[in-house]
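Take a look at the structure set out below.
Every number in this text was worked out from the coordinates using simple rules, so none of it is lab data. No experiment lies behind these values; they were computed from the predicted model shown. Cβ: placed from backbone, ideal geometry, glycine included. Neighbour counts: every protein chain shown.
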């Protein structure tokens, strides 16, 4: 798809595509109000700018649209037919049962501590790497962690936007 095609889409179709990139309705609404852009660099800059204009509730809404890292049943159920999310946790498919158990346990501790699921840009990361990242981030204060999670969501959104344009 070209940027011109994207810019001239029906709003409902564009909304559906943007929802697959980021689950924050506030972010999507902000993006739909943006004027057409000249190129992808402008689109990526606008997307990031609008993301950082969102608030904590908007970020948590976006997080809620993700399956838990390593929860393959939830991943299959939530993203069947999703154009973008299917391969983001592909390294989990090769994880040992022990790693999956450790990941599930750490996920549970994370959600209990912070009140939302663990968000990480999982592309290219092994299950063991994600366990290490998760355990490290469990040491963060809530105010610090929400900012890290928000930054990770921004990375995920950019990757998914790139997939729209097959970059």
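Just a few scattered comments:
- Rounded, prolate or oblate (a/c below 1.5 giving rounded, otherwise prolate when a/b exceeds b/c) for the stretch 95-167 by Cα gyration tensor: oblate
- Efficiency of FRET between residue 159 and residue 105 - r from beta-carbon atoms, R0 35 angstrom, step 0.05: 0.80
- Calculated FRET efficiency, residue 138 to residue 53, Cβ-Cβ distance, R0 = 30 Å: about 0.60 to the nearest 0.05.
- Normalised by residue count, the stretch 13-75 yields a Cα convex hull volume of 98 Å³ per residue.
- You can think of it this way: the chain between residue 38 and residue 64 has 6.2 nm of extra reach, that is 0.36 nm per residue less the Cα-Cα gap.
- Per-peptide average of other Cβ atoms within 10 Å, ordering 57-63, 112-118, 32-38 highest first: 57-63, 112-118, 32-38
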